[in-house]
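The values are calculated or read from the model by the stated rules, or taken from the named source; none is laboratory data. Here the structure is a predicted model, which means the values were calculated and not measured. Ideal geometry is used to build each Cβ from the backbone, glycine not excepted, and the neighbour counts take in all protein chains shown.
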């Protein structure tokens, strides 16, 4: 099977269709020059929670405010300043974000995720399983948003959150960039917590612990028997 040689850089090629960026072929060529030497996976950002990456810094802001002593039951309003460019995925259309019809839609809903954190005290894999919960949707009504004038998206995923209590006290938290980047990496314990949150519901007995141990020593083992054995212990 044959095709055009310019499928990437041609007038109707991948770059023109998907990036509309004339510098993309040059950037790819530069990457190919270091193929096998520079590992870009180390430069990626790891998500802490099972929802859209753009939502993560907003959850961090709200968690920070709660850790400072703000009573979740006293919060009357939550206002989010959203970096321009993110709103199409996590804020629009707003009516749909307030009332997601599926759990998948809820993963891309800024108000739903913040309401789940307020209601449950944490956002986990279970927060986005099954139908969107009516109780969370009702609480999502206290969330509003506006564009962030000084955001640096897509270079950074920032957030600014202001909560107002029933006593009319206002508290603001800001995150310049999302956790999990090389500049703000997770600790090993935090990474393991996320792993167990994902693995415990699907792997039985001590398989999650054995799998974590196998991955920890992956570069030094002679075969993958321990890894594959743990992966076969599915509930």
Failed item in (1) modelled with pLDDT under 95; (2) surrounded by 14 or more Cβ atoms within 10 Å (Cβ to Cβ), with residue 137 passing the rest: (1)
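Residue by residue, here is whether (1) part of a loop (DSSP other than H, G, I, E, B); (2) over 23 Å from the mean Cα position of the chain (by Cα); (3) over 30 Å from residue 136 (Cβ atoms) holds:
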| residue | (1), (2), (3) |
| --- | --- |
| 22 | yes, yes, yes |
| 28 | no, yes, yes |
| 45 | yes, no, no |
| 85 | yes, no, no |
| 89 | no, no, no |
| 95 | no, no, no |
| 100 | yes, no, no |
Single condition residue 178 does not satisfy, out of (1) touching a strand residue (DSSP E or B) at 6+ places or on another chain (Cβ under 9 Å); (2) modelled with pLDDT of 95 or more; (3) surrounded by 13 or more Cβ atoms within 10 Å (Cβ to Cβ): (2)
Residue within region 81-96 that is free of Cβ contacts under 8 Å to residues at least 24 places away in the same chain and under 18 Å from residue 128 (Cβ atoms) present: yes
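Okay, residues lined up against (1) closer than 23 Å to residue 86 by Cβ; (2) touching a strand residue (DSSP E or B) at 6+ places or on another chain (Cβ under 9 Å); (3) not assigned by TED's automatic domain parsing to the domain that holds residue 81:
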site	(1), (2), (3)
140	yes, no, no
155	yes, no, no
165	no, yes, no
169	no, yes, no
198	no, no, yes
Restricting region 72-109 to residues that are under 17 Å from residue 164 (Cβ atoms) and either modelled with pLDDT under 95 or in contact with a helix residue (DSSP H, G or I) (Cβ under 9 Å, 6 or more places away or on another chain) (or both), the residue that is surrounded by the fewest Cβ atoms within 10 Å (Cβ to Cβ): 73
Unique match (being in the same structural domain as residue 154 (by TED's automatic domain parsing) and closer than 20 Å to residue 151 by Cα) among 66, 59: 59
Meets criteria (within 18 Å of the chain's Cα centre (by Cα) and modelled with pLDDT of 95 or more) for residue 193: no
Single unsatisfied condition, residue 156 versus (1) within 23 Å of residue 177 (Cα to Cα); (2) not in a loop (DSSP other than H, G, I, E, B): (2)
Failed criterion for residue 51 (all others in (1) surrounded by fewer than 17 Cβ atoms within 10 Å (Cβ to Cβ); (2) touching a helix residue (DSSP H, G or I) at 6+ places or on another chain (Cβ under 9 Å); (3) within 25 Å of residue 197 (Cα to Cα) hold): (1)
